[in-house]
1. Please report the accessible area of T20 (heavy atoms, 1.4 Å probe, ligands and nucleic acids excluded) in Å², nearest 10.
2. Can you figure out the FRET efficiency of C64 with V653, using R₀ = 35 Å and their beta-carbon distance, to the nearest 0.05?
3. Order 101-113, 315-327 from most to least packed using the mean count of other Cβ atoms within 10 Å.
4. For the range 33-89 and the range 227-298, what is the centre-to-centre distance using only Cα atoms, to the nearest Å?
5. Provide the packing ranking of 423-433, 142-152, i.e. peptides ordered by the mean count of other C-beta atoms within 10 Å per residue, highest first.
6. Rolling a 1.4 angstrom probe over the protein chains, ignoring ligands and nucleic acids, what is the accessible area of W581 in square angstrom, nearest 10?
7. Quote the convex hull volume per residue of the range 557-615, based on C-alpha atoms, as a whole number of Å³.
8. Mind ordering 583-589, 522-528 by average Cβ neighbours within 10 Å, highest first?
Amino acid sequence: MEGKKDAPKAKAVKLADPKTASIDGATQEMIDLSHKLEIETVFDRAVSMKPCNIGTQGTCCKNCGMGPCRLPLPKGGIDGEDERKGLCGATPNTIAARNFIRMIAGGAAAHSDHGRSVAEVFLTAARKETDAYRIKDTNKLIEVAQYLGVATQVEKDGETLDRDLDEVALEVGEKAMNEWGKADGELLFAKRAPEERYKLWKKMGVVPRNIDREIVEIMHRTHIGVDQDYKNLMKQGTRAAIADGWGGSMLATELQDILFGTPYPVASEANLGVLKEDMVNVVIHGHEPVLSEMIVAVSQMKEMDEYAKSKGAKGIQLSGICCSANEILQRHGVPLCGTFLQQELAIITGACDAMVVDIQCIMQNIANVAKCFHTKLITTHPIAKMEQDDVIHIEFDEHHAIEDAKRIVKLAIDNYENRKAEVMIPEQKSPIVAGFGVESIRYHLGGTFRGSYYTLNDNIINGRIRGIGGVVGCNNARTKHNQGHVEVVKELIKNDVIVLTTGCNAIACAMEGLLTPETAAVFCGPGLAEVCETVGIPPVLHLGSCVDNSRILLAATEVVKAGGLGKDISDLPAAGSAPEWMSEKAISIGHYFVASGVYTVFGVTMPVTGAPVFQKYLFEEFEKMYGGMWDLEIDPIKHAHKMIAHIDKKRKVLGIDRTRDRILMDMADRREIETA
Ligand code: BF8
């Protein structure tokens, strides 16, 4: 018919080039296999779908029905006054700041709601309403009680006696729960920060009142027509981020340690090669260890092992993806199956009999991938279900935790004989030592004489250790899987910067073999290598999941307390990094690092680049206020060197730059001095 246009041709599906998508051999192999099997993964979608340029800049406002108002930065930048505005008149600064703090709210909510769930289970255990959970670490219970204002001793007949631990636990649970919604006062853990930091937060008016309130207030302030001053918006973003790092996340970590045990160094393995062809593979994916702890316990039961054997398997192989993986690795040595970007690939091995998920970082596409295999995909959390019809929902309840976990593991075992596709498990896996924390760093690097971080500080002062890098965060399919993580970390340790890692960075480092003491001799500068070899630790210390970034805050506080390196976290030769971030949680973490005084560099992109004035506020002016600030650097080597430059700047202010100069002298320099 005249005028009728040809029907649009279907776009050819673009496929990711495995070698460009990841640096990891196992991942490349599985992407290749996914193409042969015609199963689409995130890597293919990343090459088929471009990100929105305006959203990437942070200047798309969709907070009301008159928009979305899109305010891209002109290609040549802004000459003169920036006249861009939304329908209501909102400037790019207002829009970017609103979006930014909404990301903080999202991240803080995710961490903190996780923390609340743990606090609820903690209370159930303290009230003895369940047999499944018991207080494991009583030392930590006593320590945390003090920070929550819970008495650990009582006076009786003029004598001071230790208080009954059940009573202490109950009050700790109640006081902790109160932190989310109390009407008066302020976040109790804020005072765990160095005194100078707490005083600064007081002066700036950013000490959180309670955790929930700071998140809710962000949603209020960013509603149309409320807060329209980017500085004031960021003040609230800062308060909410502190409520996450020093509140929700820290409570999650501490209560988990009390309930499930504080991690200590443990040996294990990492990468898809940990799956076993002749065993029932249960892959745990998500974040809350409340469920995964039970699955670990049940999988180790003799009756389950025998049941697996009755079905022709040699036993049960547990492994983990994302931060659930980190949690059960830290406490039980369960191997890491993979990072955020490997979740689909674990199913594509054809060996995953059940993938059990709870909350956060679970891609909806795993349900589509699972459909192509025998894998049972099991959701377990009431707030995180999936619409696809192949997903089984078994809601987990702490009151009958063991029964729920048994049901799940049994389902996986029953499914073992249903494997249909040819099993293809990549060979790659790396040995690792994980399970570090504030306590184990004190044990390995602390001086028994002062019972503190004395040895660590001493080595920083004498220059063997140049500084501390906290390298954390996600994978992002917009950048080559694990490249940023591995290159940043290798460059740091090569330059004698010890690395504390969590989240998917920790898994990336694990896969690359950087979490072994032997790594020190291969990759580290001479000073750091000497320290690691002397005390037998890896140069990259795995501190756990993303809520465990609170451990980095507390480790930094211990360094301040040990003396000789200033009075505040902002005085330390330290820097933070998330080379491949993607989640809102990462933004919240980045901002509580900054608010705690840490120079923090992100890779990939930052959703503020469309508002240059606001960007400058975060990247420069924040340092004057908080001693910490944001930065963006995509190139991993430059990224690491920006961190090192900041570390050197701090060393100079502390007057310890000379010791470092001495340590860097090579033999030729020494000979020159000797012959002079
Ligand atoms: O909380 S690092 S991709 S897994 S968000 Fe997610 Fe990012 Fe991985 Fe853990 Ni953290």
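The values are calculated or read from the model by the stated rules, or taken from the named source; none is laboratory data. Remember, predicted model here, so these are calculated numbers, not experimental data. Neighbour counts are summed over all protein chains in view; Cβ atoms, including those assigned to glycine, are modelled from backbone coordinates with ideal geometry. The accessibility values were calculated without ligands, DNA or RNA, using every heavy atom of the protein model including side chains. Shrake-Rupley method; radii C 1.70, N 1.55, O 1.52, S 1.80 Å.
1. 90 Å²
2. Efficiency, from the Cβ-Cβ distance: 0.15.
3. 315-327, 101-113
4. 30 Å
5. So the peptides 423-433, 142-152, ranked by packing, come out 423-433, 142-152.
6. The value for W581 is about 20 Å².
7. 93 Å³
8. Per-residue Cβ counts within 10 Å, averaged per peptide and sorted highest first, yield 583-589, 522-528.
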